[in-house]
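First up is the structure itself, then whatever we jot down about it.
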Amino acid sequence: MNSPKNILIVRTDRIGDVVLSLPMAELVKKKYPDCKVAYLIRNYTGPLIDGNPSIDEVVIAEELDGKILFGKNLKKIKSKNFDTSVVVNPTLKISLMMFLSGIKNRIGTGYRWYSFLFNKKVFEHRKHGEKHELEYNINLLNKIDVGIKDFSNEIKFHLQIDEVSSAKINSILLENGFKPENKIIIVHPGSGGSSVDLPKEKLIELTRMIGSLHNVSIIITGSKSEFALCKEFEISKSVINLSGQLDLSLLKAIINKADLFISNSTGPMHIAAALGVHVIGFFPKILSCSQKRWGPYTEKRTIFIPTIDCSNCNRQQCEKLDCMNSIDIGRVFDETKTVLKIL
């Protein structure tokens, strides 16, 4: 296979998925400095790419009512003359699009019924959770002779914070009574539903405990659809609820100012990890959504998993046994204090 000259990396799903694919761009650039690197993503994840020095072009997928359009996107991709595509999240529609666009080298999984649409197949079952999602992503690049061996001492995500968003976040915080001398702890109670969460009541209790500390401000973040959930966390004067008020650029900016980020398995957690913010996360033992596969990719992390002794865990069993409820919130609070003391 010839060296790629114009490569398209396809990641048309959610925030965390896009973040965990970003190091791919730098690895391609290190191996092939003259190669043009483009990303095909959804419009709402665009701010994750802004200013990335390893990405030459962002191709925003055409959508209607949240669904990716076939004809318009096929025409757009065809016009770019890509010689290589890497489909990180395979769907029939996306895979067929790559095939019909005339891309010579099409890299993707070998385990879907439509995998015949790829001519460079990678055979790894992600559902077994034997590796981290980021490492599965990078393994796709083996087909262009880029892989784990090309890792530097530190994986770089190159998430950029623009000055306008940073200034706006400062204004929002001051308007809400934030004291600049306080440490910022973000609690993000919502999740995409792809995992099993810590019970809401326990996270509220943790928020109450943290609120008893001096010189601490707790910022609650979440989408507009999570506003009612986030409202339940307004339990003390130290809590500032910004749910539904932040677009992705502003969310990046507030996370970048945080000293600690606390959440279940969710996209913003990966933003925090990528920005070097210490993360406290809660994960079930289910292989497909375990911390081994989806944990924050950073050394600045503390992960809590159920203490129930179980094996071959699945979602039904986890929910039946109420596994996540076995996590000791007192221990989580102790870890929170330890992290803040270190900071």
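The values are calculated or read from the model by the stated rules, or taken from the named source; none is laboratory data. Since the structure is predicted, the reported quantities are computational estimates derived from the model, not experimental observations. Positions of Cβ are generated from backbone atoms using ideal geometry, with glycine treated the same way; all protein chains shown enter the neighbour counts. Each accessible area value is taken on the protein alone, full model and side chains, heavy atoms only, with ligands, DNA and RNA left out. Shrake-Rupley method; radii C 1.70, N 1.55, O 1.52, S 1.80 Å.
Details
- Average accessible area per residue (Å²) across the chain - probe 1.4 Å, nucleic acids and ligands excluded: 46
- Note on the chain: with a GNM built from Cα contacts shorter than 10 Å, the maximum mean-square fluctuation among Q245, Q160, Q291 falls on Q245.
- Table column - 3J(HN,Hα) (Hz), the range 183-197, Karplus curve with 6.51, -1.76, 1.60, x for Gly and Pro: 7, 9, 10, 9, 10, 10, x, x, 7, x, x, 7, 10, 10, 8
- With every protein chain in place, the chain: carbon and sulfur % of accessible area (1.4 Å): 49
- When peptides 116-123, 61-68, 253-260 are sorted by average Cβ neighbour count within 10 Å, with the highest value leading, the order is 253-260, 116-123, 61-68.
- Three-way shape label, the chain, alpha-carbon gyration tensor, a/c 1.5: prolate
- Share, in percent, of DSSP beta bridges within the range 1-154 that are antiparallel, nearest 5: 10
- Note on the range 1-78 and the range 269-343: Cα centroid distance 30 Å, given to the nearest whole angstrom.
- The chain: calculated mean residue ellipticity at 222 nm from DSSP helix runs of at least 4, using -39500 (n - 2.57): -9000 deg cm²/dmol
- Largest GNM mean-square fluctuation among G281, G71, G192, using the chain with Cα springs under 10 Å: G71.
- Beta bridges assigned by DSSP with both partners in the chain are antiparallel in approximately 5 percent of cases.
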